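Undergrad: Would you mind keeping the following structure in view while I ask a few things?
The values are calculated or read from the model by the stated rules, or taken from the named source; none is laboratory data. Quick caveat, the model's predicted, so the values are computed rather than measured. Side chains are part of the model used for accessible areas, which takes the heavy atoms of the whole protein and leaves out ligands, DNA and RNA. Shrake-Rupley method; radii C 1.70, N 1.55, O 1.52, S 1.80 Å.
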Amino acid sequence: DISVVVDFGSNIGISALYFLTRNQSTQVYLFEPVPRNIERLRENLKGYEKRYELTECAIGVDEGEFDFSCEDTGRYGELIKKGAANFSGMSSNKVITVKVLLANHVLSEVLGKHQSIDIVKIDVEGYENKILGSIKSEILSRINRIYAETEGSQEISGFSRERYGGLTRYYRI
């Protein structure tokens, strides 16, 4: 019964592929800043182009252009600000500049096209709690589930939660 999915940190599209194969009408909105990952994502999602929308950017709580440190494989990356890593402390010699959009703005745009969002997936290398804490209540009221790769025990008003490994699943109460 999944119709609308928003995927922050889409990487190479494996989660998106899973969601797209659940039924014939699922629409997925993807957000990924790393060019190497975007190339692989497009390859992995061949045949589904009409059912996904890709925005080449990072998602955050500040909007603008920021430096982004990533390893050569594209697997790990993070926004850096003022020469220091914001999130996990990972270091890399490869730094690119990426566009960063506000989570609330992006979610509002998707909700302008759909009644609700079935799933918001957040895997943004340590910035998940900041994004979760920034989502406005009027937006949260139109989201059914949130899957976030986070070690924290963040509560979200109106949602129950369960941990599964490094993933926290939030369900609308």
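Undergrad: ³J(HN,Hα) across region 160-170 via Karplus (A = 6.51, B = -1.76, C = 1.60, θ = phi - 60°), whole Hz, x for Gly/Pro?
TA: 8, 9, 9, 9, 9, x, x, 10, 10, 9, 10
Undergrad: So between K113 and S137, what do we pick up on full extension, going 0.36 nm a residue minus the alpha carbon distance? Intermediate results must be reported in sequence, preceding the final value.
TA: Details: separation 24, 0.36 × 24 = 8.64 nm, distance 1.85 nm.
Going from the current span to full extension adds 6.8 nm.
Undergrad: For region 1-64, take the alpha-carbon Rg, divide it by the Kirkwood Rh, and send me Rg/Rh. Write out the running numbers ahead of the final one.
TA: On the way: Rg = 11.5 Å, Rh = 11.8 Å.
Result for region 1-64 is an Rg/Rh of 0.97.
Undergrad: A 28 angstrom limit on the alpha carbon distance is what I want to check against. Which of K94/K136; K99/K130; K46/K121; K99/K121 exceed it?
TA: Values: K94/K136 34 Å; K99/K130 18 Å; K46/K121 21 Å; K99/K121 19 Å.
The pairs that break the limit, which is 28 Å between Cα atoms, are K94/K136.
Undergrad: Follow-up. For Q27, what residues show an amide H to amide H distance below 5 Å, using hydrogens built from the backbone and excluding near sequence neighbours?
TA: Long-range HN contacts for Q27: V4, V5.
Undergrad: Using the Karplus equation 6.51 cos²θ - 1.76 cosθ + 1.60 (θ = phi - 60°), what ³J(HN,Hα) coupling, rounded to whole Hz, does each residue of region 121-132 give in order, writing x for Gly and Pro?
TA: Ordered by residue, 3J(HN,Hα) equals 9, 10, 9, 10, 6, x, 9, 4, 5, 5, 5, 4 Hz.
Undergrad: Here's a follow-up. Just to make sure I understand: if all protein chains stay in place, what is the order of D62, D123, D7, D1 by accessible area at 1.4 Å, largest first? Intermediate results must be reported in sequence, preceding the final value.
TA: Working: D62 70, D123 40, D7 0, D1 155 Å².
From most exposed to least exposed: D1, D62, D123, D7.
Undergrad: In whole Hz and in residue order, list the ³J(HN,Hα) couplings for region 31-39 that follow from phi through the Karplus curve 6.51 cos²θ - 1.76 cosθ + 1.60, θ = phi - 60°; x for Gly and Pro.
TA: Karplus-based 3J(HN,Hα) across region 31-39 equals 9, 8, x, 8, x, 4, 5, 4, 4 Hz.
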